[in-house]
Each structure stands twice: as C-alpha cells, then as structure tokens.
Amino acid sequence: MELKQYLFAFFTVAFIACSTAQEEKSYKVNTIAFYNLENLFDYEDDPLTFDDDRTPTGKDHWTKEIYEAKLTNMAKVIAEIGSDLTGTPPAVIGVCESENRRVLEDLLNEEALVQHDYGIVQFDSPDRRGIDVALLYQKKLFTPVATKVHTLYLYDDNDRSKRIYTRDQLLVSGMLDGEKMHFIVNHWPSRSGGEARSRPKRIKAAQLNRQIIDSLYSDDPYAKIITMGDFNDDPTNPSIKDYLKAKEDREEVKIKELYNPMEEMYDRGLGTLAWRDGWNLFDQMIVSSELIEKDFSSYRFYKAGIYNKTYLANPRGQYQGYPYRSFVNGGYTGGYSDHFPVYLYLIKEVTN
C-alpha cells in the first residue's frame with residue numbers, strides 16, 4: 001500500500017491500493033500519543049512532596065535555566081510526533097512524570113506548542129514525589145466531556161495498615177471530531193526492588209485498569225477506548241497479558257476485548273527504554289475491539305509506532321543509541337527523556 005499526503009480540512013491522507021483497478025480514498029488522520037517526560041519538575045520546593053532534589057540547592061542543582069531548557073526540549077518532541085503525516089502535533093497526548101499543572105502550562109506555552117492551543121486534564125496524585133499523569137489535547141480537535149481519577153490502593157506486604165502511595169489512573173471521555181472516545185492515562189508502579197518482588201503492584205494496577213475498561217464496556221460494548229502509559233511492564237508480562245488481557249493478534253480480538261499493537265514490536269526487539277544492555281517496551285498504546293474494525297466510516301486504528309528519531313538517542317559512549325535522558329550522575333545533559341514516546345494513528349474515510 002502506498003501512502004501519500006495532501007491537505008483536506010484539518011488534515012487528510014490518501015491511500016492508493018496496489019491493485020489492477022487503483023482506487024483512491026481520502027482519510028482524516030489524528031495522532032494519539034504518550035510520553036514519559038522524565039521528571040519534569042519546576043525548580044521550587046513543594047513542602048508537601050519529596051521534590052527537594054529538583055531545586056537549585058538540591059542534589060540535582062535544578063535551576064530555572066535548566067528547567068526552561070528541559071521545557072524547550074520536551075515541547076520540540078511533542079510538536080513533532082505524527083506531524084510528518086498530519087501536519088500538526090498530536091490531537092491528544094497522555095504524559096507522565098509531570099510535577100503539577102504549572103509545569104504543563106509552561107510546557108504548552110513553549111514556542112513549539114503555544115500556537116496549537118492545548119488544554120489540560122490533570123489532577124494532583126498521591127504519589128510521594130508528587131508526579132502525576134495528565135492528558136493534553138488540542139481544543140479544536142478534542143472536547144472533554146467527563147473526567148475521573150481512579151485511585152490505586154496499595155499496601156505494604158509486612159504491614160497492611162501502611163499504604164503505598166502511587167499514581168492515579170486518569171480517565172478522560174470526550175468528543176474527537178464528533179466521535180465519543182475514552183482515554184486512560186497510566187503510570188504503573190515501578191520495578192523498584194526487582195521485577196518479581198514488585199510484580200503484584202502492577203498486577204493490582206492492571207486489575208484496576210481492567211475494571212475501568214469493563215465499566216465503559218458495560219455502558220457501551222462498542223466503546224472506543226485507548227489505554228496508554230508507562231506500564232513498567234512489557235507487553236508479554238502477566239499484568240498486560242493475563243490481567244489486562246491485551247492480545248497481540250488482532251484477528252483473535254472479540255467484542256469487548258483489547259488489542260496491543262506494541263507486542264509485535266517487542267517481539268522484534270524494539271523498545272522505549274533500555275536497561276542493562278536490554279530493551280524494554282514499557283510505554284504502550286492499547287485499543288478496544290471497536291477501534292480495529294475494518295469499517296473506516298468512523299475513526300479506527302491504522303497503525304502504532306515508537307517515536308525514536310536519531311536526536312532522541314544518546315549520541316556517544318557506553319549508552320549510545322539508548323534514549324538520551326536529560327539528567328545523569330547529578331548533571332543536566334541537554335537530553336530529552338529516558339523513554340521514547342509512542343503513538344498511534346486514528347483514521348476516518350472522508351466522503352465527498
């Protein structure tokens with residue numbers, strides 16, 4: 001299939017079918033993305049959270065100048081995701097590791113993004129460091145109708161009265177170009193203490209996520225749902241395969257089930273972050289069964305990808321090719337994030 005692009009209303013794409021009788025069709029395209037912003041903190045101390053390192057006098061010597069450089073880098077990346085096809089940044093992008101609403105407002109006021117008039121859905125999470133998940137959206141393309149945070153309750157194995165505070169899961173329902181869509185933004189518990197030891201926490205996160213999805217399905221079996229985020233697990237780990245029940249083979253996905261386009265990428269050795277000479281694909285975009293239907297009279301999933309442009313990779317040294325993180329060994333590197341962003345395209349046929 002050959003793909004060519006031309007302008008139509010906001011943006012469209014033309015698909016030329018390689019057959020004896022070539023048929024040209026036009027499609028509207030929207031990019032949906034997710035990006036772990038790698039500790040996007042402001043430089044002021046919040047007395048209610050453990051953000052002391054990210055202050056001018058803290059361990060990381062996090063100054064106003066470094067903060068502003070970090071914002072510029074993050075904005076540059078977001079502005080480019082999907083823009084080669086659509087001519088515009090993502091219609092909707094989920095983010096994690098942002099400290100508060102202020103840093104998101106500063107991010108969206110960067111030169112690369114301010115003209116696109118993004119809105120923000122963000123709630124302060126109970127995470128001890130104060131980092132949140134959030135949804136950013138172009139107001140001309142998406143209109144939130146309902147928002148809700150779902151709290152993940154975790155407790156210490158040795159003391160069930162001691163709660164472990166982590167990120168909420170954010171559900172945003174709204175209208176994308178006139179169609180009802182549901183977006184869930186995740187940042188599941190880390191692998192601190194080891195993958196096996198921390199696994200039950202991510203299984204709990206998967207169970208909560210599945211509950212949210214099932215509640216949407218109970219209202220509408222044909223709901224269009226995208227759950228995205230840094231799951232801190234790969235597509236083949238139990239939390240994703242056995243508890244969230246996301247499938248790799250789209251032909252096997254039945255109504256009210258989930259398709260994970262990232263698993264095939266993981267099988268090919270691709271990843272969004274690197275650790276100890278190996279790649280993980282923690283950042284994922286998972287879609288509901290309705291989005292993989294073959295009828296393109298309404299928005300459907302087209303394809304997914306990892307945004308891993310050369311400049312986002314470490315250019316030299318032991319970690320050459322790994323994501324070019326912004327902070328290493330107590331110093332700012334001028335890099336971007338320790339995660340590559342991920343994205344998918346939703347397309348809809350345009351009828352004249």
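The values are calculated or read from the model by the stated rules, or taken from the named source; none is laboratory data. Computed from a predicted structure; not experimentally measured. Backbone-built Cβ (ideal geometry, glycine too); neighbour counts: all protein chains shown. These area figures cover heavy atoms from the full protein model, side chains too; ligands, DNA and RNA do not enter into them. Shrake-Rupley method; radii C 1.70, N 1.55, O 1.52, S 1.80 Å.
Please name whichever of L281, Y155, N186 sits farthest to the positive end of the charge dipole of the stretch 153-307, dipole taken about the Cα centre and charges placed at Cβ: Lys and Arg +1, Asp and Glu -1. Projecting each Cα onto the dipole axis, the largest value belongs to Y155.
Relative contact order for the chain: 16 percent, from Cα pairs under 8 Å spaced at least 6 residues apart, divided by residue count.
Which of K28/K139; K180/K254; K28/K256; K28/K204 have a Cα-Cα distance over 28 Å? Table pairs above 28 Å Cα-Cα are K28/K204. Once the Cβ-Cβ distance of V145 and S297 is raised to the sixth power relative to R0 = 25 Å, the FRET efficiency obtained is 0.70. Magnitude of the charge dipole for the chain, about its Cα centre and with charges confined to Cβ atoms of Lys, Arg (+1) and Asp, Glu (-1), is about 480 debye. Taking the charge dipole of the chain about its Cα centre, with +1 at Lys and Arg Cβ atoms and -1 at Asp and Glu Cβ atoms, the residue from N260, V328, L136 reaching farthest to the positive side is N260. Think of the chain as having a plus end and a minus end, set by charges on the Cβ of Lys, Arg, Asp and Glu; of S173, S198, V29, S198 sits farthest toward the positive end of this dipole. Partners of K25 within straight-line reach, counting aspartates and glutamates whose Cα lies under 12 Å from its Cα and excluding those fewer than 8 residues away in the same chain: E2, E349. Overall, the anisotropy analysis places the stretch 73-125 in the prolate class: the square-rooted eigenvalues a ≥ b ≥ c of its C-alpha gyration tensor yield a/c not less than 1.5, with a/b exceeding b/c. The dipole here belongs to the stretch 206-274: it is taken about the Cα centre, uses +1 on the Cβ of Lys and Arg and -1 on the Cβ of Asp and Glu, and is about 140 debye. The alpha carbon gyration tensor of the chain gives principal lengths a ≥ b ≥ c with a/c of 1.5 or higher and a/b greater than b/c, which makes the shape prolate. Across the stretch 168-247, C-alpha contacts under 8 Å between residues 6 or more apart give a mean separation that, scaled by the residue count, equals a relative contact order of 34 percent.
Taking a point 7 Å out from the Cα of Q207 in the direction of its Cβ, the residues of the stretch 112-154 whose backbone N falls within less than 19 Å of it are 150-154. Dividing the summed -39500 (n - 2.57) terms of all DSSP H runs of n ≥ 4 by the residue count of the chain sets its mean residue ellipticity at 222 nm at -5500 deg cm²/dmol.
When peptides 190-199, 303-312 are sorted by average Cβ neighbour count within 10 Å, with the highest value leading, the order is 303-312, 190-199.
Oblate is the label for the stretch 124-271, because the ratio a/c of its alpha-carbon gyration tensor axes (a ≥ b ≥ c) is 1.5 or higher and a/b is not greater than b/c. Straight Cα distances below 13 angstrom link K140 to the aspartates and glutamates D117, D177, with same-chain residues fewer than 8 positions distant left out.
The relative contact order of the stretch 131-182 comes to 41 percent, based on Cα pairs under 8 Å that sit 6 or more residues apart.
For the stretch 292-352, a crude dipole built from +1 on the beta carbon of Lys and Arg and -1 on the beta carbon of Asp and Glu, taken about the Cα centre, is about 160 debye to the nearest 20.
Per residue, the stretch 140-281 exposes an accessible area of 48 Å² to a 1.4 Å probe, with every protein chain left in place.
Using 0.36 nm per residue and subtracting the Cα-Cα separation, the extra length available between L154 and D219 on full extension is 20.6 nm. Net length available on complete extension from D117 to I255 is 46.1 nm, with 0.36 nm assigned per residue and the Cα-Cα distance removed.
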